[in-house]
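Chemist: Quick one: the structure is below, questions incoming.
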Amino acid sequence: MKHLLIVYHSRSAQTHRLALAVRHGASQEPEVEVRTKTAFAADLDDLLWADGLLLGTPENFGYMSGALKDFFDRTFYPAQPHQLNLPYALFISAGNDGTGAVRAIERIVLGYPLRKVAEPVIARGELDDSHLHRAEELGLALAAGLALGIF
Ligand SMILES: Cc1cc2nc3c(=O)[nH]c(=O)nc-3n(C[C@H](O)[C@H](O)[C@H](O)COP(=O)(O)O)c2cc1C
């Protein structure tokens, strides 16, 4: 079994709904075990368990949520000796932008290091079926890639 970790934060449930869709997609791959953690609850042990990672956050003030930043703050240095090199992708909920959060995260994760294996899903405005569909596809793509050993 391969292990796929979903770490996310949500204040008003939009990113939470994306996370559920991502997990639903990933769960369609029987050879992958999926673990979902909120950003405040996730820690280094979760990263060491994972073979791949999906990170979700709202964009707040042109940046990631404080909760996801806290996850990075707590795990960055402890993760250094392990040189994780995990494949990852992002899902973002935003009022009208999302690019600031993506830019900030992409820069930080280079240091773990993590490897981007899919383009971010950015859901702008109220969630609709197309956002949820794209999130589900992202989850399935990560899980399938892990199961097939292509990442
Ligand atoms: C304090 C705050 C700051 C925000 N800043 C941005 C922003 O910079 N860019 C943007 O597109 N949306 C911004 N938004 C909108 C949120 O990203 C959007 O409502 C998102 O869907 C919330 O996700 P959540 O329900 O998972 O918390 C902001 C919302 C809040 C509450």
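Read-outs throughout are calculated quantities, based only on the coordinates presented, and are distinct from any laboratory measurement. Source: prediction; values computed, not measured. In this analysis, Cβ positions are derived from the backbone assuming ideal geometry, glycine residues included, and neighbour counts consider all displayed protein chains.
Chemist: From a point 7 Å beyond the Cα of Asp45 in the direction of its Cβ, which residues of region 67-103 have a backbone N at a distance under 20 Å?
Modeler: Answer for region 67-103: 70-84.
Chemist: Next up: May I ask for the net charge around Glu59, where only other residues with Cβ less than 11 Å from the Cβ of Glu59 are counted and Lys, Arg are +1 while Asp, Glu are -1? All intermediate terms of the calculation are to be shown ahead of the outcome.
Modeler: On the way: positive: Arg103, Arg124; negative: Asp97.
Here the charged neighbours net out to +1.
Chemist: Output wanted: per-residue J couplings in Hz (rounded whole) for region 53-59, from phi through Karplus 6.51 cos²θ - 1.76 cosθ + 1.60, θ = phi - 60°, x for Gly and Pro.
Modeler: 9, 10, 10, x, 7, x, 8
Chemist: How long are the semi-axes of the equivalent ellipsoid of the chain, defined as square roots of 5 times the Cα gyration tensor eigenvalues? Whole Å, largest first.
Modeler: Values: eigenvalues 88, 73, 31 Å².
In descending order the semi-axes read 21, 19, 13 Å.
Chemist: Continuing with this model, one more query. Treating only the Cβ atoms of Lys and Arg (+1) and Asp and Glu (-1) as charged, compute the dipole magnitude of region 25-146 about its Cα centre; round to the nearest 20 debye. Working shown, then result.
Modeler: Numbers: 10 positive and 18 negative charges, 95 e Å.
Charge dipole of region 25-146: 460 debye, to the nearest 20.
Chemist: Would you please calculate the Kirkwood hydrodynamic radius of region 7-64 over all C-alpha pairs and express it in Å, rounded to one decimal?
Modeler: Numbers: mean 1/r = 0.0816 Å⁻¹.
Mean inverse Cα-Cα distance, inverted, gives 12.3 Å.
Chemist: Residues with amide H under 5 Å of Gly56's amide H, sequence separation 5 or more or different chain, H placed in the peptide plane at 1.01 Å from N; which?
Modeler: Amide H neighbours of Gly56: Val7, Tyr8, His9, Phe91.
Chemist: Return the tail of the calculated pair distribution for region 77-151, meaning the percent of Cα-Cα pairs more than 16 Å apart. Can you show the working numbers first?
Modeler: Numbers: 1552 of 2775 pairs.
Percentage above 16 Å: 56.
Chemist: Hey, with R₀ at 25 Å, roughly what FRET efficiency would Ala141 and Phe61 work out to, going by the Cβ-Cβ distance, to 0.05?
Modeler: Values: r = 30 Å, r/R0 = 1.19.
With R0 = 25 Å, the Cβ-Cβ based efficiency is 0.25.
Chemist: Kindly work out what percent of the DSSP beta bridges joining two residues of the chain are antiparallel, to the nearest 5.
Modeler: Details: 1 of 26 bridges.
Of all bridge pairs located within the chain, approximately 5 percent are antiparallel.
Chemist: So if we plug the beta-carbon distance of Arg35 and Tyr77 into 1/(1 + (r/R0)^6) with R0 = 30 Å, what FRET efficiency do we get, rounded to 0.05?
Modeler: Values: r = 23 Å, r/R0 = 0.75.
FRET efficiency, Arg35 to Tyr77: 0.85.
Chemist: Which stretch or stretches of region 41-63 have amide N atoms under 17 Å from the point lying 7 Å from Ser12's Cα along the Cα→Cβ direction?
Modeler: Under 17 Å, as judged by backbone N against the label point of Ser12, lie 57-63 of region 41-63.
Chemist: Only Cα pairs under 8 Å and at least 6 apart count here; give the relative contact order of region 2-130 as a rounded whole percent.
Modeler: On the way: 238 pairs, mean separation 34.4, N = 129.
Relative contact order, region 2-130: 27 percent.
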